[in-house]
Structures are given as C-alpha cells and as structure tokens.
1. Can you run down the residue pairs with Cβ atoms below 6 Å, 6 or more apart or on separate chains, where the first is in the stretch 20-49 and more than 24 Å from Tyr65 (Cβ to Cβ) and the partner is in a helix (DSSP H, G or I) and basic (Lys, Arg)?
2. Yes or no: Leu78 surrounded by 13 or more Cβ atoms within 10 Å (Cβ to Cβ) and at pLDDT below 90?
3. Could you tell me how many of the residues in the stretch 11-32 are within 12 Å of Val46 (Cβ to Cβ), of a type in the set (A, V, I, L, M) and outside any helix (DSSP H, G or I)?
4. Taking the criterion of being modelled with pLDDT of 90 or more and in a loop (DSSP other than H, G, I, E, B), would at least one residue in the stretch 42-49 satisfy it?
5. Only one residue in Thr32, Thr13 is loosely packed, with under 12 Cβ neighbours inside 10 Å, more than 20 Å from the chain's Cα centre (by Cα) and hydroxyl-bearing (Ser, Thr, Tyr), so which one is that?
6. Given (1) modelled with pLDDT under 90; (2) in a helix (DSSP H, G or I), where does Asn72 come up short, assuming only one miss?
Amino acid sequence: MAFFTVPLVVIFTKFDGQVINEFAGLPDTAPTEDKWEYARNIAERVFCSIYLPKILDAKYPPKGYVRLEGENSGHFCLQTWNLSVVQ
C-alpha cells in the first residue's frame, strides 16, 4: 500500500461580504470612498486575526490558501498567499 502526501489548500470565499459588513458598521461622517478603504482594512485585520489563525492552528494546517472576492459584482479578484511565507 502506497501513501502520498497531498498539500492542503484552503479557499476562503465571500471576502467582499466581510468588507460590506464592516462598511455598514462605520459612522456616516466620513466620505464614502474613505469608508470603503477603511472597511477593507478592518476586514483584512479581522481575516488575519480571527479567521486565518483558526485554520493555521489546525492539526494539519494548509500549505496555502486562496481568498476569492468580487464574483457577484461583475469582476473577480483572486488573491493567493503561500503560508510558508506568512508563518
């Protein structure tokens, strides 16, 4: 019986939904363009401090991950990271 090592890659979807949630929670005092940029920064921090560590701390952490966003807005953004660099 042969055993193979297969790298695990995690796919995160709907990151743009997290940006929208953060935008909705911001006060209305800032210009809209600034709010979107700020919301994206908050969403990135939430992703890196809450969601990503849960995956990286797993018994068998992935070798990489892909974050998808924008599929519902007519454009599609694919962001990838090599976790060996992130760690």
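1. Final answer for the pair search is Leu26/Lys35.
2. On the way: surrounded by 13 or more Cβ atoms within 10 Å (Cβ to Cβ): no; at pLDDT below 90: yes.
The answer is no for Leu78.
3. Residues meeting the conditions: 0.
4. There is no residue in the stretch 42-49 that is modelled with pLDDT of 90 or more and in a loop (DSSP other than H, G, I, E, B).
5. Thr32
6. (2)
The values are calculated or read from the model by the stated rules, or taken from the named source; none is laboratory data. Since the structure is predicted, the reported quantities are computational estimates derived from the model, not experimental observations. Ideal geometry is used to build each Cβ from the backbone, glycine not excepted, and the neighbour counts take in all protein chains shown.
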